[in-house]
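Just below is one structure, and these are the notes that go with it.
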Amino acid sequence: MGKTIERKNNPRPPPPMMGSHDHDPLFLSKEVWINVLSRLPVKTLLRFKCVCKLWRYLISDDPHFVHLHSHHHSKSKSEPCLFFVSLTPPEEWEKHREEGNPISRFEFKSKTLLPFVIPTRFDLVCIQDSDIIHICNPSTHEFITLPKPPRTSFSSCGPDGSVGFGYISSTDEYKVVRLIPPVYGLGGSRRRFTTKCLVFTLTERRGFSSYSSSSSSSPWGWRRVVDSPYQVSKYHPAFVNGAIHWLVYYCSRIDAEFYDGHMIDPRNTIVAFDVEKEEFRLIEHPRCRDLRSFKYSDFQLVELRGLLCLSCVEGSKMDIWMFKDYHYNKSGTWVKEYSIVLHPHYHYLDQRERDDHNNRHREDDYDYCAPRDIKDRKMLIETRTTGLEYHHLQTKSFEGFIDSKRMPYLRSSFFYTESLRSLKTKQSAQGNIEELTYKQTVECLKLPS
Amino acid sequence: MASAKVFVLRTCDGETFEIDESVAYVSETIKNMIEDGFGHDLIPLPNVSSKILLKVIEYCRKHVSNFESSKKTSNGDEKDKDNDSWKKEKEAVPEVEKDAEEKARVEELKEWETTFIDIDQQVLFDLLQAANYLNIKGLLVMAAEKAASMIRGKTPEQIRETFNIKNDFTPEEYEDIRKKDAMNDFTPEEYEEIRKKIADNHFTPEEYEQIRKENAWAIE
């Protein structure tokens with residue numbers, strides 16, 4: 001029948017708001033809408049995706065809009081948000097859900113039980129999942145899987161290697177850097193002991209699409225670049241000053257003999273990969289203790305508000321060294337900036353207990369202690385027994401933020417900044433889907449202001 | 001000094017306004033029209049009403065007088081007359097000024113701006129459209145920021161109401177997006193509250209489907 005229902009005029013009276021019922025509906029052109037909407041925060045825009053198709057297009061799919069939005073928000077230096085990744089939790093955890101300031105929660109599928117999140121503070125997050133790399137935007141919940149590197153005789157055996165994630169602001173590009181460790185024990189020439197470096201560039205042309213007309217953009221795939229001078233620790237790379245920094249992986253099999261020409265003792269060395277130039281350089285770090293007796297988390301690199309830091313935990317004390325006046329090619333100075341007596345509830349194992357514990361458990365299955373953030377004379381510290389706490393540097397007191405019961409088992413917290421950056425691409429590795437069997441939950445929170 | 005040139009603007013409701021050249025040039029659109037030779041007669045502004053043009057002229061006059069006084073109080077270097085300087089000042093931190101006079105000027109400007117843009121929704125959005133058409137960067141930024149702060153707290157339904165935006169999703173698409181959105185912002189209680197509000201003012205998916213079927217001949 002020809003019954004027409006007026007969709008424009010709602011049959012029920014509209015809710016009163018700001019005197020608008022006195023006027024006709026307001027009109028704004030698309031151009032003006034783009035100007036206004038690009039000034040809104042990410043959370044608000046994601047909520048407005050359902051207003052109409054045009055808005056959904058702008059917010060999710062329009063690279064020009066996303067670019068304008070980030071332009072308006074970069075200057076405000078928005079605070080990073082926190083997130084956790086854990087195996088999809090059982091129902092008991094729902095009880096604790098309201099702690100912290102939850103933003104959102106979403107799921108993805110992984111190949112391994114506990115994939116590694118590369119610790120960075122960008123708007124994108126890189127996750128190392130055995131030989132697979134995932135890239136995720138926690139704000140929009142988008143998630144892609146990168147294609148695997150081509151199998152060569154070196155990468156087909158041995159461990160998965162160390163992965164770092166970097167960003168070049170001049171070209172708005174992200175790079176995933178994979179260092180593949182040498183294969184030992186098979187004899188042969190010295191060349192087998194090199195640590196190979198593969199780089200994957202995520203270009204921002206047309207939202208990471210594979211075809212790009214610009215001559216300076218890299219192809220969509222893994223490229224081998226210059227070898228790393230040393231094998232590096234798999235854990236905790238830190239991205240500072242345009243370079244990914246790793247601690248040299250020291251084990252008794254590495255002998256200084258293999259590294260001729262380097263004056264720095266590999267046991268006190270940091271390897272830095274400049275993501276723009278795609279070159280390595282070395283930085284010496286202070287001697288803290290004999291590395292062999294450390295768990296990986298007792299001694300780690302961490303980026304705190306743009307500074308490269310070294311955190312050394314010994315018993316109940318945490319020393320934080322900061323690399324000050326760090327310029328690209330000149331070296332800076334290491335200063336022991338903080339020496340913190342940890343919260344009395346932090347339970348640390350003494351050496352014997354620890355060795356015993358480590359022998360029975362996986363590498364990441366024990367207590368850890370790490371600084372996460374520093375702001376306004378407060379340091380955010382995370383340990384497995386106490387969870388996330390603020391340590392007031394002046395009063396030396398502790399203020400709980402998130403209790404350890406609330407935190408996902410064995411997982412630590414990571415940072416991201418909110419953005420609408422889209423990961424739409426045609427080149428995701430579709431073939432990996434069968435391998436991804438474990439459900440992981442990502443939970444995002446806001447830090448208290 | 002030679003007498004300043006004067007231009008006459010005519011609004012869509014037939015009113016005319018006389019403004020100095022310096023004031024007229026604050027609008028890039030008007031400036032271009034004058035430079036293209038259209039300044040001899042009335043300059044027609046069919047998209048702008050007299051009520052709004054009054055506000056616009058108020059802004060432009062303030063901009064010009066502010067620029068004049070800033071030349072006196074700043075340390076003498078030529079600030080660009082471009083509209084961007086207005087925007088730069090907004091973003092600049094107070095420590096940029098050297099004198100107390102300069103500081104006072106900026107303070108006064110901020111206060112003036114706050115009062116100027118404290119207008120009701122209808123006027124604000126009309127002003128925003130006009131600033132866009134007339135290409136007045138500083139006014140556009142100010143109005144856009146204010147507009148953004150105004151719509152930020154609204155629900156999607158309120159936005160559609162206020163701006164007469166049609167919800168052009170299919171019911172399935174809409175439910176899908178709403179489900180995903182639920183993860184993005186609200187606590188479960190807030191979401192429940194909003195869902196109820198929407199239920200009061202909005203069609204259910206079934207109703208939508210019904211409407212679509214019945215009106216297919218009109219829509220397609």
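Going through the stretch A:97-111 one residue at a time, which ones are at pLDDT 85 or above and more than 15 Å from A:Asn137 (Cα to Cα)?
Answer for the stretch A:97-111, where residues must be at pLDDT 85 or above and more than 15 Å from A:Asn137 (Cα to Cα): A:Ser110, A:Lys111.
When you look at B:Ala131, is it surrounded by fewer than 15 Cβ atoms within 10 Å (Cβ to Cβ) and assigned to a helix (DSSP H, G or I), yes or no? Steps first, answer last, please.
Numbers: surrounded by fewer than 15 Cβ atoms within 10 Å (Cβ to Cβ): no; assigned to a helix (DSSP H, G or I): yes.
When the stated conditions are applied, B:Ala131 does not pass them.
Sort out which residues of the stretch A:54-79 are surrounded by fewer than 17 Cβ atoms within 10 Å (Cβ to Cβ) and either away from chain B (no Cβ under 11 Å) or without any contact (Cβ under 8 Å) to a residue 12 or more places away in the chain (or both), and write them in order of number.
Within the stretch A:54-79, A:Tyr57, A:Asp61, A:His64, A:His67, A:His71, A:Ser74, A:Lys75, A:Ser76, A:Lys77, A:Ser78, A:Glu79 meet the criteria.
Please enumerate the residues belonging to the stretch A:76-96 that are outside any helix (DSSP H, G or I), modelled with pLDDT under 80 and in contact with a Pro (Cβ under 9 Å, 6 or more places away or on another chain).
Residues satisfying the conditions are A:Ser78, A:Ser86, A:Leu87, A:Pro89.
Restricting to the stretch B:156-174, name every residue that is more than 7 Å from chain A (Cβ to nearest Cβ) and of a type in the set (D, E, K, R).
Filtering the stretch B:156-174 for residues more than 7 Å from chain A (Cβ to nearest Cβ) gives B:157, B:170-173.
Selection gives B:Glu157, B:Glu172, B:Glu173.
Considering each residue of the stretch B:4-47, count those that are of a type in the set (Ser, Thr, Tyr) and assigned to a strand (DSSP E or B), and give that number.
Residues in the stretch B:4-47 being of a type in the set (Ser, Thr, Tyr) and assigned to a strand (DSSP E or B): 2 in total.
Test of understanding: among B:Glu145, B:Glu111, which residue is more than 10 Å from the chain's Cα centre (by Cα) and part of a helix (DSSP H, G or I)? Break it down stepwise before answering.
On the way: B:Glu145 fails: more than 10 Å from the chain's Cα centre (by Cα).
Result of the check over B:Glu145, B:Glu111: B:Glu111.
Name, by its number, the condition in (1) at pLDDT below 85; (2) in a loop (DSSP other than H, G, I, E, B) that does not hold for A:Glu257.
A:Glu257 satisfies all of (1) at pLDDT below 85; (2) in a loop (DSSP other than H, G, I, E, B) except (2).
Just give me the residues in the stretch B:158-181 being hydroxyl-bearing (Ser, Thr, Tyr) and either touching a His at 6+ places or on another chain (Cβ under 8 Å) or under 10 Å from A:Cys50 (Cα atoms) (or both), in sequence order. Walk me through how you get there before you give the answer.
Of the residues in the stretch B:158-181, the ones hydroxyl-bearing (Ser, Thr, Tyr) are B:162, B:170, B:174.
Result: B:Tyr174, single match.
I'm trying to understand the selection: among the residues of the stretch A:109-132, which are out of contact with any Cys (no Cβ under 6 Å at 6 or more places or on another chain), part of a strand (DSSP E or B) and among the hydrophobic types (A, V, I, L, M, F, W, C)?
Restricting attention to the stretch A:109-132, the residues satisfying the condition of being out of contact with any Cys (no Cβ under 6 Å at 6 or more places or on another chain) are A:109-117, A:119-124, A:126-132.
Next, from what is left, pick out any that are part of a strand (DSSP E or B): A:109-110, A:116-117, A:126-129, A:132.
Across the stretch A:109-132, the qualifying residues are A:Phe116, A:Val117, A:Cys126, A:Ile127, A:Ile132.
Which pairs have Cβ atoms under 8 Å, sit 6 or more apart or on different chains, and link a residue in the stretch A:306-319 that is loosely packed, with under 14 Cβ neighbours inside 10 Å to one that is of a type outside the set (Gly, Ala, Ser) and not in a loop (DSSP other than H, G, I, E, B)?
Matching pairs, first to second residue: A:Gly306/A:Val240; A:Lys317/A:Ile340; A:Lys317/A:Val341.
Quick one: in the stretch B:140-155, of everything that is under 16 Å from B:Asp126 (Cβ atoms) and modelled with pLDDT of 90 or more, which residue is farthest from the other protein chains (Cβ to nearest Cβ)? It would help to see each step written out before you state the result.
In the first step, residues of the stretch B:140-155 are kept if they are under 16 Å from B:Asp126 (Cβ atoms); the result is B:140, B:142-144, B:146-147, B:150-151.
Retained after the next criterion (residues that are modelled with pLDDT of 90 or more): B:140, B:142-144, B:146-147.
Numbers: B:Leu140: 7, B:Met142: 11, B:Ala143: 9, B:Ala144: 5, B:Lys146: 9, B:Ala147: 5 Å.
Out of the qualifying residues, it is B:Met142.
Here's the yes/no breakdown for (1) at pLDDT 75 or above; (2) surrounded by 14 or more Cβ atoms within 10 Å (Cβ to Cβ):
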residue: A:Thr140; (1), (2): yes, yes
residue: A:Pro147; (1), (2): yes, yes
residue: A:Pro159; (1), (2): no, no
residue: A:Asp172; (1), (2): yes, yes
residue: A:Leu179; (1), (2): yes, yes
residue: A:Thr201; (1), (2): yes, yes
residue: A:Ser212; (1), (2): no, yes
residue: A:Trp220; (1), (2): yes, yes
residue: A:Val225; (1), (2): yes, yes
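Is it the case, given these coordinates, that A:His73 is within 30 Å of A:Gln128 (Cβ to Cβ), at pLDDT 90 or above and touching a helix residue (DSSP H, G or I) at 6+ places or on another chain (Cβ under 9 Å)?
Answer is no for this residue.
Select from the stretch A:23-53 the residues that are hydrophobic (A, V, I, L, M, F, W, C), assigned to a helix (DSSP H, G or I), within 23 Å of A:Ser104 (Cβ to Cβ) and at the interface with another protein chain (Cβ under 7 Å from one of its Cβ atoms) and list them in ascending order. Full working, then the answer.
First, the residues of the stretch A:23-53 that are hydrophobic (A, V, I, L, M, F, W, C): A:26-28, A:32-34, A:36-37, A:40, A:42, A:45-46, A:48, A:50-52.
From the residues that got through so far, the ones that are assigned to a helix (DSSP H, G or I) too are A:32-34, A:36-37, A:42, A:45-46, A:48, A:50.
Narrowing further to those that are within 23 Å of A:Ser104 (Cβ to Cβ): A:37, A:42, A:45-46, A:48, A:50.
Scanning the stretch A:23-53 gives A:Leu46, A:Phe48, A:Cys50.
Answer with yes or no whether A:Arg121 is in contact with a Ser or Thr (Cβ under 8 Å, 6 or more places away or on another chain) and within 14 Å of another protein chain (Cβ to nearest Cβ).
Working: in contact with a Ser or Thr (Cβ under 8 Å, 6 or more places away or on another chain): yes; within 14 Å of another protein chain (Cβ to nearest Cβ): no.
No, not satisfied.
When you scan the stretch B:98-115, do you find a residue that is under 28 Å from B:Met33 (Cα atoms) and modelled with pLDDT of 85 or more, even just one? Please lay out each step first, then the result.
At the first step, the residues of the stretch B:98-115 found to be under 28 Å from B:Met33 (Cα atoms) are B:113.
Now drop any that are not modelled with pLDDT of 85 or more, which leaves B:113.
Yes, the stretch B:98-115 contains a residue that is under 28 Å from B:Met33 (Cα atoms) and modelled with pLDDT of 85 or more.
The values are calculated or read from the model by the stated rules, or taken from the named source; none is laboratory data. Not measured: the values here are computed from a predicted model. We place every Cβ from the backbone using ideal geometry, glycine too, and count neighbours over all the protein chains shown.
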